[in-house]
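Written out below as structure tokens is the structure these notes cover.
The values are calculated or read from the model by the stated rules, or taken from the named source; none is laboratory data. Small disclaimer: the values here were computed from a predicted structure and weren't measured. Backbone-built Cβ (ideal geometry, glycine too); neighbour counts: all protein chains shown.
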């Protein structure tokens, strides 16, 4: 009986590994339209945010704060996406790096919210910065994902051709 349970366990484990291997290999590249839309969203979000900062009447140190928060957020969300993707592909990611990436992502969003909450701006201006920030962050994640998808698929296609 114990031998039968062991054999079933081994077979289930083997089936799971085969499914995992099949799941890892996919061949659907993101479409050119989606890649282009992602890049366009990123550029539109960053440029809009920066034009807004250029034109707003606030101290230079305040402008620097908002610009730094945007850069901090972009780097943070790319780090989170990279960490998640590395784990999915079996690349080792330390728990501390993964945790710090999430922490900095949340921190950058909180810093923007606190800054806008306390800013002496019209509500419409605050909404503009929040939307441009959100567009930039989402598009950065999308661009990073597309880049990784394309690289992963190209690498697997090269392996299959060998």
From 78, 96, residue being farther than 21 Å from residue 140 by Cβ and either surrounded by 17 or more Cβ atoms within 10 Å (Cβ to Cβ) or at pLDDT 95 or above (or both) = 96
Residue 141: under 30 Å from residue 28 (Cβ atoms) and either touching a residue at least 60 places away in the same chain (Cβ under 8 Å) or in a helix (DSSP H, G or I) (or both), yes or no?
-> yes
When you go through (1) in contact (Cβ under 8 Å) with a residue 40 or more places away in the chain; (2) surrounded by 15 or more Cβ atoms within 10 Å (Cβ to Cβ); (3) closer than 24 Å to residue 143 by Cβ one by one for residue 50, which number turns out not to apply?
-> (1)
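Here's the yes/no breakdown for (1) assigned to a helix (DSSP H, G or I); (2) over 15 Å from residue 70 (Cβ atoms); (3) under 14 Å from the mean Cα position of the chain (by Cα); (4) modelled with pLDDT under 95:
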| residue | (1), (2), (3), (4) |
| --- | --- |
| 106 | yes, yes, yes, no |
| 112 | yes, no, no, no |
| 117 | yes, yes, no, no |
| 124 | yes, yes, no, yes |
| 129 | yes, no, no, no |
| 134 | yes, no, yes, no |
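Consider residue 34 carefully, then state whether it is assigned to a helix (DSSP H, G or I) and either at pLDDT 95 or above or within 26 Å of residue 124 (Cβ to Cβ) (or both).
no
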Matching residues in the stretch 53-69 - criterion: being in contact (Cβ under 8 Å) with a residue 60 or more places away in the chain and out of contact with any helix residue (DSSP H, G or I) (no Cβ under 8 Å at 6 or more places or on another chain) = 58
